[in-house]
Amino acid sequence: MALLPILEFPDERLRIKAKPVIEVTDETRQLIDDMLETMYAAPGIGLAATQVNIPQRVLVLDLSEEKNEPLALINPELLHREGEEETEEGCLSVPGVFEKVKRAEKIKIKALNREGAIQEFEAEGLLAVCIQHEMDHLEGKLFVDLLSPLKRQLARKKARKEQRQRESGVSSSKSGSGP
Ligand code: K1U
Ligand code: ZN
């Protein structure tokens with residue numbers, strides 16, 4: 001397994017639309033394992049292949065406390081969406097920025113699993129939010145795109161500041177995107 005470098009906003013490679021996986025192979029499974037290792041190490045609860053500079057339609061998630069319930073979705077499709085809820089989101093590609101975003105409350109998803117079998121399921125709560133966030137990554141979209149222009153500008157400044165602080169070895173705590 002390998003830790004993969006995570007691209008950070010405003011890197012243009014985060015804007016590439018990912019291509020479908022034609023066949024699920026050992027190479028796909030290796031990518032999934034590397035993405036899970038990278039997500040757990042970050043730490044995060046989701047990761048899209050776009051974020052590790054692999055423009056393929058693959059995402060991983062694990063919302064469990066013990067980090068022992070990994071989920072891989074290949075070529076995910078949104079079959080149904082209903083309701084709306086606002087949840088605070090973060091993103092490993094926009095470090096240090098946490099903002100409330102409105103998304104569908106309940107969704108129905110179809111995707112391939114790591115064996116290449118079709119899976120169809122419904123999701124709500126944080127799982128639904130996280131799947132929608134990761135599917136946006138596969139379209140080249142970031143959660144900051146859903147914010148007002150002012151909040152997006154503040155998020156950009158905050159992300160830059162976080163990057164400078166990490167490069168100079170200063171750590172920071174979770175906060176909103178404000179200065
Ligand atoms: O896509 C990503 O960058 C991962 C992102 C997923 C996400 C989180 C919250 C709402 C929507 C999508 C993260 O994992 S950010 C980090 C995070 O939320 C977290 C980290 C450690 C423990 C618990 C949560
Ligand atoms: Zn993200």
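Read-outs throughout are calculated quantities, based only on the coordinates presented, and are distinct from any laboratory measurement. Bear in mind that the values here come from a model prediction, so they are computed numbers and not experimental data. Cβ placement follows ideal geometry from the backbone for every residue including glycine, while neighbour counts extend to all protein chains displayed.
Table for the structure above
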item	result
The stretch 1-107: GluC sites (Glu not before Pro) in DSSP loop, at most 11 other beta carbons within 10 Å	23, 65, 66, 84
Angle in degrees between helix 149-167 and the longest Cα principal axis of the chain, rounded to the nearest 10	90 degrees
Relative contact order for the stretch 42-179, counting Cα pairs under 8 Å that sit 6 or more residues apart, in percent	23 percent
Dipole magnitude of the stretch 62-161 about its Cα centre (Cβ charges: Lys, Arg +1; Asp, Glu -1), debye to nearest 20	860 debye
Prolate/oblate/rounded label for the stretch 1-126 (Cα gyration tensor, a/c 1.5)	rounded
The stretch 40-82 - charge dipole about Cα centre, Lys and Arg +1 at Cβ, Asp and Glu -1, debye rounded to 20	240 debye
Helix 125-138 axis, angle to the chain major axis (alpha carbon atoms, nearest 10°)	90 degrees
Cα gyration tensor, the stretch 65-179 - rounded (a/c under 1.5), prolate or oblate	prolate
Sparsely packed trypsin sites (Lys or Arg not before Pro) within the stretch 1-88, loop by DSSP, other Cβ within 10 Å at most 11	17
